[in-house]
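**Student:** Below is one structure. I have some questions about it.
Coordinate-derived values only; no laboratory data. Only a predicted model underlies this, so the values are computations on that prediction, with no experimental measurement involved. Backbone-built Cβ (ideal geometry, glycine too); neighbour counts: all protein chains shown.
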Amino acid sequence: MPIVVGTDEAGYGPNLGPLVITATSWEIPDGLEPENMWQALATALTDAPARRDKRLHVSDSKKVYSAGKSFAPLERAVLAFLSHLNLPCDNGTQLGTSLSGTSFADDFQANGSRSLAEIRLPLECDRAGCVNAAATLTTTLEAQDIRLLGMRSCIMFPTEFNHKVQLANSKGKVLSAETLQLVKSSVDAAQAAGTTNAIKGWVICDKHGGRNRYDDIISEAFDDCFVFRIEESGPQSLYRVGKLEFCFRTKAEAILPVALASMVSKYVREVVMAQFNRFWRQHLPELKPTKGYPQDAVRFWADIEKTVTQLKMAKTDIWRSR
């Protein structure tokens, strides 16, 4: 059965908080195209919910949650998928560890949880509703012979981000390299779980800024393999490695695996930022919370700078260089 790996990020632009990149990997029946996964799973989810629609809303994270919108639909969908995979997510540490590994706990403690009680999840939605949605999702996936193989995230806090950007002299290179490493680990996991080494399918990624060429980073991530270039253009760049087709395209969230990756990345970042703001308001109760984006980040830094010095913290552990 072919696999589909979709990737996307949240937090590429901000000066505060982590960059989160996620890959979701799926196994789908022969004959089903990635673009048609929406229709196959329409009883459990939708990218355009009607009023009082009980299905999971899965789409570009900016369409599901943004300023002025309820956070609950984003949270409900992500937690339902995590529940389907039986990944622990009762608090922020469990969430990050389930998606990115055991090193998350120390990074989270150093960058937002310091001496605070653990942030509990869900933040806004109903836990029972997430469990019920997960049960419907599981039934629908089984009926359509579709498997969600896994969800993996790279959660890069400012200290690590600044170090890697300094080495690469480009945050775009860091984004691309970390994304392809997630793809490689997802493909390797699918290969290890399968009955054949001949993995076939699609890798679909949202384009990385204005970059059109990706064959070099694919080759580097996949052990210097031969990469056959099919197309490189503004709308999309296509490559083939063995039986895997790589597509870097604009508006890739139109493909379900990419949309879910976008939402998982956004949810993780929102949870981390909620704890980050809680930490600083513990020291400065009147402090206005921040999402970490450039203009407001400057305001937030000016408000906390004196306290940062008093706490003997380094700016590079809080403020991202690019």
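**Student:** Return the whole-Å distance between the Cα centroid of region 175-224 and the Cα centroid of region 1-53.
**Tutor:** Spelled out, the Cα-based centre of one part sits 16 Å from the other.
**Student:** Please find the FRET efficiency linking T43 to S219, where r is the Cβ-Cβ separation and R0 is fixed at 41 Å, and quote it to the nearest 0.05. Show your work: numbers first, answer last.
**Tutor:** Numbers: r = 41 Å, r/R0 = 0.99.
Efficiency, from the Cβ-Cβ distance: 0.50.
**Student:** Of all GluC sites (Glu not before Pro) in region 32-119, which ones are in loop regions per DSSP and have a Cβ with at most 16 other Cβ atoms within 10 Å?
**Tutor:** The qualifying sites are E118.
**Student:** Something else: Roughly speaking, what is the stretch gain from R52 to T309, that is 0.36 nm per residue apart minus the C-alpha to C-alpha distance, in nm to one decimal?
**Tutor:** Numbers: separation 257, 0.36 × 257 = 92.52 nm, distance 4.96 nm.
Length difference between fully extended and current span is 87.6 nm.
**Student:** Quick one: order Y267, Y214 by neighbouring beta-carbon count within 10 Å, fewest to most. Intermediate results must be reported in sequence, preceding the final value.
**Tutor:** On the way: Y267 30, Y214 23.
The fewest-first ordering by Cβ neighbours comes to Y214, Y267.
**Student:** Amide H to amide H under 5 Å from E232: which residues, 5+ apart in sequence or cross-chain, H placed 1.01 Å off N in plane?
**Tutor:** L238
**Student:** Looking at region 222-322, which GluC sites (Glu not before Pro) are DSSP coil and have at most 14 other C-beta atoms within 10 Å of their C-beta?
**Tutor:** Passing both the DSSP loop test and the Cβ count: E286.
**Student:** As a quick test, which of the pairs K63/K243; K164/K207; K164/K251; K184/K315; K54/K266; K251/K315 have an alpha carbon distance above 31 angstrom in this structure? Walk me through the intermediate numbers first.
**Tutor:** Numbers: K63/K243 33 Å; K164/K207 20 Å; K164/K251 27 Å; K184/K315 33 Å; K54/K266 21 Å; K251/K315 35 Å.
Flagged as over cut-off: K63/K243; K184/K315; K251/K315.
**Student:** Helix 294-310: angle to the longest alpha-carbon principal axis of the chain, degrees 0 to 90, nearest 10?
**Tutor:** Here the helix axis deviates by roughly 50 degrees.
**Student:** Putting +1 on Lys and Arg Cβ atoms and -1 on Asp and Glu Cβ atoms, find which of T140, T22, G150 reaches farthest to the positive end of the dipole of the chain.
**Tutor:** T22
**Student:** Given only helices, namely DSSP H runs of n ≥ 4 each adding -39500 (n - 2.57), what is the per-residue ellipticity at 222 nm of the chain, to the nearest 500 deg cm²/dmol? Show your work: numbers first, answer last.
**Tutor:** Details: 11 runs with 139 residues, N = 322.
Rounded to the nearest 500, it is -13500 deg cm²/dmol.
**Student:** In addition: Is the C-alpha gyration tensor of region 2-88 telling us rounded, prolate or oblate? Criteria: a/c under 1.5 is rounded; beyond that, a/b larger than b/c is prolate, otherwise oblate. Intermediate values should be presented prior to the final figure.
**Tutor:** Values: a/c = 1.79, a/b = 1.24, b/c = 1.44.
Oblate.
**Student:** Let me ask you something else. How far apart, in nm, are two points set 7 Å out from the Cα along the Cα-to-Cβ line at E286 and at K62?
**Tutor:** Going by the 7 Å Cα→Cβ label model, 3.5 nm.
**Student:** Can you compute the charge dipole magnitude of the chain about its Cα centre, using +1 on each Lys and Arg Cβ and -1 on each Asp and Glu Cβ, nothing else charged? Give it in debye, rounded to the nearest 20. The partial results should precede the final answer.
**Tutor:** Values: 38 positive and 37 negative charges, 211 e Å.
So the dipole magnitude of the chain works out to roughly 1020 debye.
**Student:** Which residue, chosen from W38, A190, S265, occupies the Cα position most advanced towards the positive end of the dipole of the chain, where the dipole is computed from +1 (Lys, Arg) and -1 (Asp, Glu) charges on Cβ about the Cα centre?
**Tutor:** S265
**Student:** In nm, to one decimal, how far is the V298 label point from the S70 one, both placed 7 Å along Cα→Cβ?
**Tutor:** In this crude spin-label approximation the distance works out to 3.7 nm.
**Student:** How far is it, in nm, from the label point at A105 to the one at N86 when both lie 7 Å from their Cα along the line to the Cβ?
**Tutor:** Roughly 2.1 nm, to one decimal.
**Student:** While we're on this one: Taking R0 as 22 Å, what FRET efficiency do you get between S321 and R127 from their Cβ-Cβ distance, rounded to the nearest 0.05?
**Tutor:** 0.05
**Student:** Related question: Which whole-number percent gives the relative contact order of region 3-272, counting Cα pairs below 8 Å spaced six or more residues apart?
**Tutor:** Values: 473 pairs, mean separation 89.5, N = 270.
Result for region 3-272 is 33 percent.
**Student:** May I ask you to give the average projected area over all directions of the convex hull of the Cα atoms of region 61-132, in nm² rounded to one decimal? Intermediate values should be presented prior to the final figure.
**Tutor:** Numbers: hull surface 21.9 nm².
If you wrap the Cα atoms of region 61-132 in a convex hull and average its projections, you get 5.5 nm².
**Student:** For region 197-318, divide the Cα radius of gyration by the Kirkwood radius and give the resulting Rg/Rh value with two decimals. Spell out each step's value before the answer.
**Tutor:** Numbers: Rg = 20.7 Å, Rh = 17.8 Å.
Over the Cα atoms of region 197-318, Rg/Rh equals 1.16.
**Student:** In Å and whole numbers, how far do the C-alpha atoms of the chain stretch along each principal axis, longest first?
**Tutor:** 60, 46, 33
**Student:** Here is a follow-up. Just to be sure I understand the curve: with the Debye formula and one point per C-alpha of region 97-233, what is log10 I(q)/I(0) at q = 0.10 Å⁻¹?
**Tutor:** One equal scatterer on each Cα of region 97-233 leads to -0.52.
**Student:** Calculate the all-directions average of the projected area of region 116-163's alpha-carbon convex hull, and give it in nm². Don't skip to the end; give the middle numbers.
**Tutor:** Working: hull surface 23.6 nm².
Seen from a random direction, the Cα hull of region 116-163 projects 5.9 nm² on average.
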